[in-house]
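Working notes, structure below.
Read the figures in this text as sums done on the coordinates, not as results from a lab. The model shown is predicted, which means the values in this text are computed figures rather than measured ones. Positions of Cβ are generated from backbone atoms using ideal geometry, with glycine treated the same way; all protein chains shown enter the neighbour counts.
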Amino acid sequence: MDDATTLVCARPALRPWEDQAVTIQPITTSVSYTADRAWLGSLHGTDSTETITLDVSKLAAAHIQASTDTSQPYSRVLSGVPVGKITASGLYGSFDPAAADGRQNLAGFVVAETLYAPSAAKVPAALLWHGVVVTAKVPGGIDTTKVTASVTGPQIRFV
């Protein structure tokens, strides 16, 4: 470079967020739940479950756990909930021998706990339709004398 040449370097204009010291610190939280599957008498049938959709309005209070934790706003359907298929909608709700909408016929049991948003009307779940169930451990209980045996229905052995 000779004396006649002047090098001018201009600093680019600062963007609005560059003139402040900004640090981004992501925060991660996790909550884990242990599924209570004491109701499940054996693993038989857990490898061939069916996907179903639950009607939240047809689930008994004993079969759900509403969230009161603001850091985990999701409620959950408990594992082991006995369900019946609602004839009119094809959705599933809590098994109820006194119902007249299809839920009086046991279709099976919800295999795994399922989280859902409080505003959800429908919840996907896995249905155990054949296997072994420990009657005394079913959430909310079940009166097996009110379960109608059916050749085309669930193949559940109660112990």
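Worth pointing out:
- 3J(HN,Hα) couplings calculated from phi for segment 86-103 with the Karplus curve 6.51 cos²θ - 1.76 cosθ + 1.60 (θ = phi - 60°) are, in sequence order, 6, 4, 5, 9, x, 7, 10, x, 4, 4, 9, x, 8, 6, 10, 10, x, 6 Hz; Gly and Pro show x.
- The H on the amide N of Ala107, modeled in the peptide plane, is under 5 Å from the matching H of Val83, Gly84, Lys85, each at least 5 residues off or on a different chain.
- Placing dummy labels 7 Å off each Cα toward the beta-carbon, the span from Val134 to Phe158 is 1.7 nm.
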